[in-house]
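Visitor: Here it is, the structure, as structure tokens.
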Amino acid sequence: QVQLVESGGDLVQSGGSLRLSCAASRIISSIYTMGWYRQAPGKQRELVASVTMGGNTNYANSVKGRFTISRDNAKNTVYLQMNSLKPEDTAVYYCNNHPPITNYWGQGTQVTVSS
């Protein structure tokens with residue numbers, strides 16, 4: 001069992017930046033692929049970005065070129081650097097294994113982008 005705690009969400013203006021962190025309760029080096037997900041009001045949760053153990057990354061088209069996912073296995077932490085934020089990025093952001101494991105969902109962190 002892994003507990004994941006997301007942090008770093010905030011209210012920012014359009015065009016601003018945020019860095020989200022996901023701290024794991026135990027080593028994540030054995031988790032091959034980690035992902036950041038988000039859920040906007042009234043919408044389904046969607047995968048935003050993923051990173052493999054070796055550092056290979058993938059991004060949703062909507063965030064490509066603006067978001068960067070990274071992981072630090074020594075610190076058991078996964079990051080999401082978000083630049084050029086848009087109002088449509090407003091959502092609760094979560095991290096999880098990819099594909100997600102139900103028991104791993106944390107509380108998420110709220111990101112709100114004002115226009």
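Computed from the coordinates by the stated procedures, all read-outs in this text should not be read as laboratory data. Given the structure is predicted, the values throughout are model-derived calculations rather than measurements. Neighbour counts are summed over all protein chains in view; Cβ atoms, including those assigned to glycine, are modelled from backbone coordinates with ideal geometry.
Visitor: Would you check which residues across region 1-26 are in contact with a helix residue (DSSP H, G or I) (Cβ under 7 Å, 6 or more places away or on another chain) and either among the aliphatic types (A, V, I, L, M) or under 30 Å from Ser115 (Cβ atoms) (or both) and list them?
Guide: Val2, Leu4, Ser14
Visitor: Hey, can you tell me all the residues within region 33-58 that are in a loop (DSSP other than H, G, I, E, B) and surrounded by 12 or more Cβ atoms within 10 Å (Cβ to Cβ)?
Guide: Ala40, Arg45, Met53
Visitor: Restricting the search to region 59-86, which residues are surrounded by 14 or more Cβ atoms within 10 Å (Cβ to Cβ), without any contact (Cβ under 8 Å) to a residue 24 or more places away in the chain and in a loop (DSSP other than H, G, I, E, B)?
Guide: Ala60, Arg66
Visitor: Taking only region 11-27 into account, find how many residues are under 15 Å from the mean Cα position of the chain (by Cα) and either surrounded by 14 or more Cβ atoms within 10 Å (Cβ to Cβ) or in a strand (DSSP E or B) (or both).
Guide: Looking only at that region, the number is 7.
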